[in-house]
1. Could I get the Rg over Rh figure for region A:148-257? Both from C-alpha atoms, Rh via Kirkwood, rounded to two places.
2. From the square roots a ≥ b ≥ c of the eigenvalues of the alpha-carbon gyration tensor of region A:341-418, which class results: rounded (a/c under 1.5), prolate (a/b over b/c), or oblate?
3. Give the relative contact order (percent, whole number) for chain A; include only Cα pairs under 8 Å separated by 6+ residues.
4. For a test of the definition: using alpha carbon positions, the gyration tensor, and the 1.5 limit on a/c, classify region B:26-117 as rounded, prolate or oblate.
5. What's the angle, to the nearest 10 degrees (0 to 90), between helix A:320-336's Cα axis and the longest principal axis of chain A?
6. When the Kirkwood radius is taken over all Cα pairs of region A:171-330, what Stokes-Einstein diffusion coefficient follows at 25 °C and 0.890 mPa s, in µm²/s?
7. For region A:90-153 and region A:391-436, compute the distance between their C-alpha centroids and round to whole Å.
8. In what sequence do B:S162, A:S35 fall when counting other Cβ within 10 Å, fewest first?
Amino acid sequence: MTTNSGATDTATDERRTDHEIEVIRDRMHTVEIVSDSGEGAQKCGQIFGAVSAKMGNGVWTVEIIPAEIQPPARSPAGASGNRIRIGTDEVTNWGDRTNVCVAFNEQVLVARHRLDAIDSGALLLVENMWKDHRDEDIRAEWTAAMDELQGHGYRIIEVPMEERCLTVVDDARKGKNMFALGMLAWIFDRDLDLTRDQIAHAFRKKSEEVYEKNVTLLELGYEWASENLDVRIDVPPGLEGEDMVVMNGNQAVAFGAVAAGMELAAMYPITPATSVSHQLGEIFHKFGGIVHQAEDEIAAAGVAIGASYSGKVAFTITSGPGLALKTEFLGLAIMSEIPLVVIDVQRGGPSTGLPTKVEQSDLLATMFGQPGDAPHVVMAAATIEECFHSMITARRIAETFRTVVIVLTDANLATGVQPFRRPMLDPVWMGSRPDMSPVPEGKPPYDWDEETGLSQRFIPGQPGGMHTLTGLAHDEKSRVAYASDINQKSSAMRSRKLAVLHSTLQPPKVNGADSGDLLVVGWGSTKGAIEEAVEAAREQGLSVSSLHLRFLSPLEPGLREIFQRFRKVMTVEINYSDEPNDPFITEENRRRGQLAWLLRANTLVDVDCWTRVLGEPLRPGVILDVIRSNLPKGGAA
Amino acid sequence: MSGHSCSLLFPVEDDREYSMSDYQGAQARWCPGCGDHSVLTATQRLLASEQLKPEETVFVSGIGCSSRFPHYVSSYGFHGIHGRALPVATGIKLHRPDLHVFVVMGDGDCTSIGAAHWLHATRYNVDMVALMLDNNIYGLTKMQTSPTTPEGYRSNTQPMGSFLPALNPIEATLGVTNASFVAQTAEWMPAHLYATLEAAYKHNGFSFVRILQRCPVFTGDIYQDAVRNPDMIEMLEHPDGVEVPDLHQIYQNISRHDPRNMDAARELAEKMDRIRVGVFFRDESRPRYEETRHLPLHTTDEKIGILNEELDKYAV
Ligand SMILES: Cc1ncc(C[n+]2csc(CCOP(=O)(O)OP(=O)(O)O)c2C)c(N)n1
Ligand code: SF4
Ligand SMILES: [Mg+2]
């Protein structure tokens, strides 16, 4: 029914002689597709993001997750879908507000408006079947919503999605998402062949008929847009030439684990960590790897520890509540020096908290969660690419230092989709099989090097290495030992390893000038938003820099020295802190951001903080405001 | 249970003979008269008789008096945390099916804090021997009620006597889908204990053995009558389970029980009139988790090749 296959600019535009088309050129543009859950908006968003990445745009995709599990239809709480931010260059975060929003009903659109998610001047494409609906209440809701949306500079376009879709499918609920994709494809001039390929990939488990139907709907939406819209958006691709892969952070963790040579993952399902195991479940067996779904998180930790103890480093994946359950086992691994990698995909807490939403509130729990003195390594991935590479680093550190390495990611990284440089796989990443050669006579299982605390571990099967590993205090021969000097020494040995790791780390690189008025310090997934804000601030002439930390335990070196070059240092984090002027809050009792807490303790610098727990990633525009209001008064340093 | 004799990781040709003393670890520190001593001896006898290489044998335990066991065996040992020996053993066996894995737990360890793992390990049916040393009490922490403490029996936490009927571990294990070997024996019957350990070791799958164990310090009276009066014992015998003809003189209640018969096994397990020892149930045809999950290993180069193919699917 349609001929616009290649979708090159000129071809399509020349066909449209009947109306003038305005082309908006922008280096960064944000799109949202929202619907009731189950209407497929997410699939539409994912395909749009993937196609844009393939065309050479920078892309960041995040899911818009309904506030309720089973919200009623057409309710603001049910808004579900995707935000896709595309750019000429790399896109590092979800941005502030959307410039285009496709909504399957006016209620979900209003929901986004109320969350301040829509930019003034945005192009809003809304399903119009509700306007003249036979249900009087619905018509009234429509009118009220349209009134609410008035006066914000939005460009609202009513689209007969249902009506058009019903010309090719019986149930439009199952097809609107592809119609919407077609409209977006026209607006952003997406390559239709690539789009069809992506549809084929997305529905690869479905029949050919499903694919055909979806492509027909795509073309229908494309055609409708070309005939009825008078604006197109051009975000020129700037990333061509680089070899990229596109995936979300959990997929990157899964691939990273394989690239790191790990062979066993043990887990118990928990949002937002679970999808790591979904990805692994599809590929791990091809590498001889096992994903073990244990009976609970405790058992998952135990299975991973048992596997690590007897061979290659294994890992376990979890989120807050599961991490709490693993605590005792982590203490055992630290005490008995069994290497282990733990991934904590953070969500909102405490307790069951906000299962699907981003937060950075596990930092101190991962550092200090084990009763007793339990030194171990904590790292945080800042980007989706780092989710991949952290696994390689974590595995290597765990092995070299015979310790537990916790890698923090979060719901923002877990569900954000971004293209990144394709890793050039290196055999070294995979590590070697454990050394199984006979143990020289008399060599003890904790042959601690006095200076470094390091020792070689013996693995079952290794002749001459027999010993009983224990979580009780033990001497170098792993004999239970309660003598005070032995406990003092073995504690020192376990702690020393972290100092040695610290000595191998480089001081972090300051983003921006090396000194100035304000230094913003962050960790984890906020990197993109913080750096975008800092860049904007610098463009406005403000003396601001930022620093992003990957190692939290041990902390990266040189921090005190860097901090002293700035008039003010503050962290920006997604966890809870009191505002200094809140009731009852004083300097002494103020709860601070978790990184701020650590930095103050470790550097004795008066590090301030600004944190929020809004259940959404930080917005660069908001951080910019924070920067402006936190600049120390009284001129440049 | 029997580990695969050839290991992928270390082809060692070793003709040496192991005697019982080769499995002697640290000096056992259990109380004099503690039933754990006799389990240790029987186990070491089994190791010698099966000539298991100490370096290819792993004893995994939790926390408790009984969980000190690995320290007293000269093999690889893993003395972990309370209640969690089974997940660790599962991890070892999943990653290294070539190893011989023995698990030693107390009654609190296995049936209370570790109960979830007990149930699931039974269902996973991973090839290992799991010994539950049941003294009906928490020994290490000094006499608190355990799930297997007899109703009315006084302890430090329930000084008026245990409030509920004791949990029956054999009945419970038999109730788990995919259970493949369920046996009971008593440490004061060394010949029976040995025969049961041997059968458990030879069984391919998860061999659960409840060993009635005297704790002279806290529950000295519980098994006293049974020790003195062989009439209180009934031996379940079958060529496919255990048969200990040497004991027929002393223990005259002998019944033939085919361990393939689950209904009969459950019926016997429920009966409280006598203490029944022997193999209640055994079925080697049950799927073993580590076998269903077993995959060939790949070289690093092969893995990189496959990984690149997978990454191609995500290429931009
Ligand atoms: C998480 C945890 N809770 C409690 C304890 C204390 N604890 C150590 S052993 C034990 C019970 C021991 O009883 P049992 O398992 O029957 O072994 P037994 O000493 O009788 O052989 C308890 C409660 C512990 N070590 N860890
Ligand atoms: S307290 Fe009881 S179980 Fe523990 S060692 Fe002594 S006799 Fe054995
Ligand atoms: Mg006990």
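Read the figures in this text as sums done on the coordinates, not as results from a lab. Just so you know, these numbers come straight off a predicted model, no measurement behind them. When we count neighbours, we look across all protein chains shown, and the Cβ atoms used for this are built from the backbone with ideal geometry, even at glycine.
1. Here Rg/Rh amounts to 1.05.
2. Because a/c hits 1.5 or more and a/b fails to exceed b/c, region A:341-418 counts as oblate.
3. For chain A, the relative contact order is 12 percent.
4. Cα axes put region B:26-117 in the oblate bin.
5. 20 degrees
6. Using the Kirkwood radius from Cα pairs, D works out to 130 µm²/s.
7. 42 Å
8. With the sparsest Cβ surroundings first, the list reads B:S162, A:S35.
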